[in-house]
Amino acid sequence: MNEEMVFGGLLFATVAVLAYGLSGLVFRRDALAARLRNDLPDDHGGGGGGGGAVAIARPSEMVTPVMERLGHAAAKPFMPKTAVKQSSLRRELMYAGIYTASAMEMVVGAKVILLAAGLVVGYLLGAMIGGVFTYLVLYLGGVVGFLLPAFWLRRRISSRRRNLERALPDALDLLVVCVESGLTLDAAIHRVGQEIALAHPEISKEFGITQMETRVGLARIDAIRNLGQRTGSPALQSLAAMLVQTERFGTSIAQALRVHAESLRVKRQYQAEEKAQKAAVKLIFPVVLFIFPTLLVVLAGPAFILFFNSAVFAPGK
């Protein structure tokens, strides 16, 4: 018990020292940012328009910079060194819809922080259990903490792709209406992105990025191709390929969009029928494992009790 207490104390001291060192990086004051917030006086002795008054930031404005600095400080020694690993992580973040420059550092920093937190929690739980399970729970806590950001990222990618594929037929119908009414493809994408923002914000954001790329001078074909590559959704990639071919060969965009929307609806109907057919097979396992034993206990339980209390099992006189 003494050795466990000593190890726990050393572990706590190590975490405290690391936390103190990171706090110096996280809460380090930036003189320029403070002066812009009228927190410091200017060179002439007065506040920069605020009379030297101290600007109090709201909690919501303080949390994001603190988390960014904390993630940057924790991730800096553990960032991927090779370009292949960095591009792979950037691609996953792009598929998840996270386009900020510090997103990769935040993910790596979250892995490091959760790894340390998982080790601490695992050690505490292992000390409570005792025995050989101490190091096993410690190892499991570290593994779970390290893999948790990657699991969250994969869940976000799958959820976003599902939302994009679900919203695409409605967006294509609006595109057909806009194109047939006389709008160009760029104006139609911009208008649909605005109109569909409330119901389907993910695809509205992607349409907005595509429209911004064309406004800054990128070719329409390249912007549409980037739409499919940026999302990683097979439905949007097929849409991008169809629009590129339509633009290249000069065919009717409205007719191509209508046919593509109809094919997406048929595909979604087939997927729904496939899930309905799989439901009967998936119900076998909960029925056999949970429902049948319960019915057996409820129906045959009283009969077994009466049978064991009968004269057959009564002690002989």
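The values are calculated or read from the model by the stated rules, or taken from the named source; none is laboratory data. Since the structure is predicted, the reported quantities are computational estimates derived from the model, not experimental observations. Note: ideal-geometry Cβ built from the backbone for every residue, glycine included; neighbour counts use all protein chains shown.
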Worksheet item: Before we move on, is V297 within 19 Å of L239 (Cα to Cα) and either without any contact (Cβ under 8 Å) to a residue 60 or more places away in the chain or touching a strand residue (DSSP E or B) at 6+ places or on another chain (Cβ under 7 Å) (or both)?
Response: no
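Select from the range 245-257 the residues that are part of a helix (DSSP H, G or I), of a type outside the set (A, V, I, L, M, F, W, C) and surrounded by 10 or more Cβ atoms within 10 Å (Cβ to Cβ) and list them in ascending order. Before the answer, list the steps.
Let us first name the residues in the range 245-257 that are part of a helix (DSSP H, G or I), namely 245-249, 253-257.
Checking the rest, the ones that are also of a type outside the set (A, V, I, L, M, F, W, C) come to 245-248, 255.
Answer for the range 245-257, where residues must be part of a helix (DSSP H, G or I), of a type outside the set (A, V, I, L, M, F, W, C) and surrounded by 10 or more Cβ atoms within 10 Å (Cβ to Cβ): Q245, T246, E247, Q255.
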Item to complete: Looking for whichever is farther than 21 Å from R91 by Cα and touching a residue at least 24 places away in the same chain (Cβ under 8 Å) here; the options are V192, V144. Which one fits?
Response: V144
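Here is a check on your reading of the model: is L185 touching a residue at least 40 places away in the same chain (Cβ under 8 Å) and under 17 Å from the mean Cα position of the chain (by Cα)?
Values: touching a residue at least 40 places away in the same chain (Cβ under 8 Å): yes; under 17 Å from the mean Cα position of the chain (by Cα): no.
The answer is no for L185.
From the list I113, I189, exactly one residue is outside any loop (DSSP other than H, G, I, E, B), in the same structural domain as S204 (by TED's automatic domain parsing) and not small (G, A, S). Which is it?
Numbers: I113 fails: in the same structural domain as S204 (by TED's automatic domain parsing).
None of the other options fit; the residue is I189.
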Item to complete: Check whether at least one residue in the range 268-284 is surrounded by 11 or more Cβ atoms within 10 Å (Cβ to Cβ), touching a helix residue (DSSP H, G or I) at 6+ places or on another chain (Cβ under 9 Å) and not in a helix (DSSP H, G or I), and report yes or no.
Response: no
Worksheet entry | Checking H260 against (1) within 14 Å of L175 (Cβ to Cβ); (2) not in a helix (DSSP H, G or I), the condition it does not meet | (2)
